[in-house]
Protein chains: 2
Amino acid sequence: MQMTAPEFDLMFGALADHTRRDIVRRAIDAEEGIAELAGHYPMSFAAVQKHVAILERAGLVTKQRIGRRKVVRTNLEGLRAARRLLDRYEELWRGRIDRMTELVSEGKETHP
Amino acid sequence: MQMTAPEFDLMFGALADHTRRDIVRRAIDAEEGIAELAGHYPMSFAAVQKHVAILERAGLVTKQRIGRRKVVRTNLEGLRAARRLLDRYEELWRGRIDRMTELVSEGKETHP
DNA sequence: CATTGATACAACCATACGGTTGTATAACTG
DNA sequence: CAGTTATACAACCGTATGGTTGTATCAATG
């Protein structure tokens, strides 16, 4: 699953809020509806609802209707997409170290 | 290195912008000053300078004076801190699967 | 079908964000 | 030390964000 820049903007933007990260964590167990989630935070139901909407737009959670509730569930693939980008940066870093090492040993390699 | 919620806010917030992610990527090689970085983007020098400041405040890059330039360098530890949080979420997910599996096999275990 | 419970959505407010221009400071160079 | 280069910072502007309250929809229940 290949992500575009604006999708990453949404994803990291969604993760840049403590309440939303906590919702992601809680929604891993996929047990609570929005009203239940809202009970954990010192803000209105509507505010939490907006947070969930932002997470949903970012692809980090989905909502599933169960009875009259809508249970919020974390989307593992979304989390993985974000993590993979950070992995890529670390790979680039490693590549840089490799290039530096190669540069240092170049003398040896070209003049054995 | 243990991070607090507001630090993660800054970190993910900093990553929630395409230009800033690109600066992080470029700064892995730690070769360019701010003016050189600014050359890559369709915006003013001051705008790029502000982006770098945001990345610096988030602990994702550092600046090192070299001559009259200030070379921007990505801070690997910052990237790792963000990645580790996402890793933790995935572990929680795995734990949930384990608990579910355990629950399912419980019948077998208790009545062999 | 009227009521209750859970969610959705619009309007509004204060503050933060991404960009601009302009001015000031630091460090090399002649 | 005068001039140039690279960076810093303040002021400003439009828009997005995080919160509020109020109203509307939708599903289960008596």
Treating each Cα of the stretch A:1-103 as an identical point scatterer and ignoring solvent, apply the Debye formula and state log10 I(q)/I(0) at q = 0.21, 0.22, 0.24, 0.25 Å⁻¹. -1.03, -1.10, -1.23, -1.30
Under 5 Å between amide H atoms, partner at least 5 residues away or on a different chain: which partners does residue B:61 have, H built in plane at 1.01 Å? B:56, B:75
Please go through the stretch B:18-106 and write out the trypsin sites (Lys or Arg not before Pro) that DSSP classes as loop and that have at most 10 other C-beta atoms within 10 Å. B:68
What nm distances, shortest first, do you get from the label point of residue B:1 to those in the other copies when the point sits 7 angstrom along Cα to Cβ? 2.9
How far is residue B:66 from the same spot in each other copy, in nm, shortest first, if each label point sits 7 Å from Cα toward Cβ? 5.5
Accessible-area loss of at least 20 Å² (1.4 Å probe, chain alone to full protein assembly) applies in the stretch B:15-60 to B:15, B:16, B:18, B:21, B:25, B:28, B:29
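With a 1.4 Å probe, what is the total accessible area buried between chains A and B, in Å² rounded to the nearest 100? Write out the running numbers ahead of the final one.
Numbers: alone 8070 and 8040 Å², together 13170 Å².
Summing both sides, the interface buries roughly 2900 Å².
Taking each pair of distinct Cα atoms in the protein assembly as shown once, what is the resulting Kirkwood hydrodynamic radius in Å? Walk me through the numbers before you get to the answer.
Details: mean 1/r = 0.0506 Å⁻¹.
After inverting the pairwise mean of 1/r, the radius is 19.8 Å.
Sort B:40, A:18, B:51 by accessible area with a 1.4 Å probe, largest first. If you can, show how the numbers build up before the last one.
Details: B:40 80, A:18 100, B:51 30 Å².
Order by accessible area, largest first: A:18, B:40, B:51.
Using a probe radius of 1.4 Å on heavy atoms only, what accessible surface per residue do you get for the stretch B:5-110? Whole Å² is fine. Don't skip to the end; give the middle numbers.
Details: 5860 Å² over 106 residues.
Per residue, the stretch B:5-110 has an accessible area of 55 Å².
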Taking a label point 7 Å out from Cα toward Cβ, give me the nm distances from residue A:29 to the same spot in the other copies, shortest first, one decimal. 4.8
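Kyte-Doolittle mean at least -1.0 and Cα extent at least 27 Å along the axis: which DSSP H helices of chain A qualify? Mind dumping the intermediate values first?
Numbers: long enough: A:76-110 (48 Å, -0.91).
Span-like helices in chain A: A:76-110.
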Tell me, what is the FRET efficiency for residue A:98 and residue B:25 to the nearest 0.05, using R0 = 22 angstrom and their Cβ-Cβ distance as r? 0.85
Share of chain A's accessible area from carbon and sulfur, percent, 1.4 Å? 52
Calculated from DSSP H runs of 4 or more alone, at -39500 (n - 2.57) each and per residue, what is the 222 nm mean residue ellipticity of the protein assembly as shown, nearest 500? -21500 deg cm²/dmol
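The values are calculated or read from the model by the stated rules, or taken from the named source; none is laboratory data. The model shown is predicted, which means the values in this text are computed figures rather than measured ones. Positions of Cβ are generated from backbone atoms using ideal geometry, with glycine treated the same way; all protein chains shown enter the neighbour counts. Calculation scope for accessible area: heavy atoms of the full protein, side chains included, ligands and nucleic acids excluded. Shrake-Rupley method; radii C 1.70, N 1.55, O 1.52, S 1.80 Å.
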